[in-house]
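Some notes on the structure that comes next.
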Amino acid sequence: MILLDIRMPGMDGFEVLRRLKAREESRDIPVIFLSAVIEVEQRVEGLKLGAVDFISKPFQREELLARVRTHLELFQLRARLERQAAELRRANEQLQVEIDERKRHQDKLEYFAIHDALTGLLNRRSLEEMLNRTIARAKRGVVSSLLYMDLDNFKDVNDTVGHAAGDEVLNTLSDLLKAALRTEDVIFRVGGDEFAVLLEGMDGRESFLAAERLRKAVEAHPFEPGGRVFRLSLSIGLNEIDGTLATGVLLSQADAAMYRTKEQGKNRLVQASIEG
């Protein structure tokens, strides 16, 4: 608290108050003018500059002490409220950080609920959900196709150069599949070295040609994990989606067709609709 007269030698009280308010370390200190000045204009000027009160000389001791006590209490209350407001801002900022972190965690959980952690492709759960919608469209006349494939001889990679090299191969395969397909075709990693592709709007004949492109692209690619060259290939089962089969049956038939290719020597394509 500062008690300040107006009429002083060298510098008047108004200028002192201006300088106090201009300095960060003193701008919040409450100032009471204690002066014999009676002009209303000067009193108003002092209050405009930031004084909290104006007490006339001569003053009563009890009045002075009461006003000082009141303004000190108000100053302390304001300081306490400002501290509480600052603490509340910090708490809100921390809460926002935590909310952003729960949201990022939730987004990550939601992402990995439908995506494969290694390749970033959609997973089997996503395949089943998307097949349900594709079957519904097929019932309205939009025929599509499902490819179910396995990477031949992939076990040799893991056994020879390790699982990290195997992961590298799976990521390379993912890139090969993307490059050989249309942007609207959807690729899934079903599990291990098994992948699936949903060819929206393609019937069996068109999807056969697409599957052959995939097979040839993988057959021609020299996989070189761990400094070793592996000639890998795809065994592919194909099933047309015409709306007559449920999701589970479609997957089962495509999977069975894929395993039929293994029996026939791998690196080939078998259509579920014509397998014996």
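Going by the structure shown, is A211 in contact with a Gly (Cβ under 8 Å, 6 or more places away or on another chain) and closer than 20 Å to L146 by Cβ? Show your work before the answer.
Values: in contact with a Gly (Cβ under 8 Å, 6 or more places away or on another chain): no; closer than 20 Å to L146 by Cβ: yes.
Against the criterion (in contact with a Gly (Cβ under 8 Å, 6 or more places away or on another chain) and closer than 20 Å to L146 by Cβ), A211 does not qualify.
Exactly one of these conditions fails for D255: (1) assigned to a strand (DSSP E or B); (2) at pLDDT below 95. Give me its number.
Failing condition for D255: (1).
Please indicate, with yes or no, whether at least one residue in segment 250-259 is of a type in the set (D, E, K, R) and over 36 Å from the mean Cα position of the chain (by Cα).
Initial filter on segment 250-259 (of a type in the set (D, E, K, R)): 255.
With over 36 Å from the mean Cα position of the chain (by Cα) added as a condition, the list becomes none.
Scanning segment 250-259 turns up no residue that is of a type in the set (D, E, K, R) and over 36 Å from the mean Cα position of the chain (by Cα).
Residue by residue through segment 29-54, note down the ones that are surrounded by fewer than 16 Cβ atoms within 10 Å (Cβ to Cβ), among the hydrophobic types (A, V, I, L, M, F, W, C) and either in contact with a strand residue (DSSP E or B) (Cβ under 6 Å, 6 or more places away or on another chain) or more than 14 Å from D12 (Cβ to Cβ) (or both).
Correct list: I29, I38, V40, V44, L47.
Limited to segment 9-28, what total is found for residues that are crowded, with 16+ Cβ neighbours inside 10 Å and of a type in the set (A, V, I, L, M)?
3
How many residues are under 21 Å from T261 (Cα atoms), surrounded by fewer than 16 Cβ atoms within 10 Å (Cβ to Cβ) and of a type in the set (D, E) if we restrict to segment 130-176?
1
The values are calculated or read from the model by the stated rules, or taken from the named source; none is laboratory data. Here the structure is a predicted model, which means the values were calculated and not measured. Glycine gets a Cβ as well: all are built from the backbone with ideal geometry, and neighbour counts include every protein chain shown.
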